[in-house]
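Below is one structure; the comments refer to it alone.
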Amino acid sequence: MNSKGKTIIGWDEILDGGLAPNAVVMSWRGEKGGIAAAKVKQKVIMTPEEKLYLNHKQFMKDDSLAANKFLPLETVYNYEPVPAELNAEEAKYIWGAQGNLWSEYIANPAKIEYMLFPRMDALSEILWSPKNQKNYPDFLNRLKTQFKRYDLMGITYSKRYLGN
């Protein structure tokens, strides 16, 4: 792959067999794999299932069929992609994070939107904003304007967030 100018990006299972030079690790089974890869100077994209799998329910009693795990908006918003266990040099190997949406329970595009929004907004903010400027109550307040944008664009989202 490297000789062809390509980059391998693999789920954290690629750690089990030894990493190829320049491979990027997608840490999905928690953060352990991402931490291990960063410590040996391998690039990492954090995507832990319990924090960033957007196919999980948004509410304990969700109003839509979803995977049988719970991932509220606040959990996504409060996720920190750079684990505290890493020193400043190791932290440079965390390239960012990714939200995943597996489609076993998705029958149509409206359901995709429902599962993504507004959790995708929370993920965007944690990746693009300085850590010290994160403010969940302010984020919820700003979502009111975002929901108007969704409505104008015809995006499906859970109306339950309007009660916040």
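The values are calculated or read from the model by the stated rules, or taken from the named source; none is laboratory data. What you are looking at is a predicted structure, and each value in this text was computed from that prediction instead of being measured. Cβ placement follows ideal geometry from the backbone for every residue including glycine, while neighbour counts extend to all protein chains displayed.
Looking only at the stretch 55-112, residues that are closer than 25 Å to TYR136 by Cα, out of contact with any helix residue (DSSP H, G or I) (no Cβ under 9 Å at 6 or more places or on another chain) and of a type in the set (Phe, Trp, Tyr) come to 2 in all. As a summary of the residue check, ARG29 satisfies the conditions (1) within 30 Å of PRO137 (Cβ to Cβ); (2) basic (Lys, Arg); (3) outside any helix (DSSP H, G or I); (4) within 18 Å of the chain's Cα centre (by Cα) except for the one numbered (1).
Considered as a group, the residues in the stretch 82-111 that are under 20 Å from LEU71 (Cα atoms) and of a type in the set (Ser, Thr, Tyr) include one that is modelled with the highest pLDDT, and that residue is SER103.
Among the residues making up the stretch 122-164, a single one is touching a residue at least 60 places away in the same chain (Cβ under 8 Å) and small (Gly, Ala, Ser): SER158.
Taking the stretch 94-120 as the range and being loosely packed, with under 12 Cβ neighbours inside 10 Å and over 23 Å from TRP11 (Cα atoms) as the test, the residues that pass are ALA107, ASN108, PRO109. Contact annotation: residue pairs with Cβ atoms under 6 Å, 6 or more positions apart or on different chains, pairing a residue in the stretch 28-39 that is free of Cβ contacts under 8 Å to residues at least 24 places away in the same chain with a partner that is of a type outside the set (Phe, Trp, Tyr) and in a loop (DSSP other than H, G, I, E, B), are GLY30/PRO48. Quick one: in the stretch 71-93, of everything that is part of a loop (DSSP other than H, G, I, E, B) and of a type in the set (Asp, Glu), which residue is surrounded by the fewest Cβ atoms within 10 Å (Cβ to Cβ)? It comes out as GLU85. Screening ASN68 with (1) polar (S, T, N, Q); (2) part of a strand (DSSP E or B); (3) surrounded by 15 or more Cβ atoms within 10 Å (Cβ to Cβ) gives one miss only, at (3). The residue list LEU123, LEU127 contains one member that is within 30 Å of PRO21 (Cβ to Cβ), of a type in the set (A, V, I, L, M, F, W, C), surrounded by fewer than 18 Cβ atoms within 10 Å (Cβ to Cβ) and in contact with a Gly (Cβ under 9 Å, 6 or more places away or on another chain), which is LEU127. Applying the set (1) under 16 Å from the mean Cα position of the chain (by Cα); (2) under 14 Å from PRO72 (Cα atoms) to SER129 leaves exactly one unmet item: (2).
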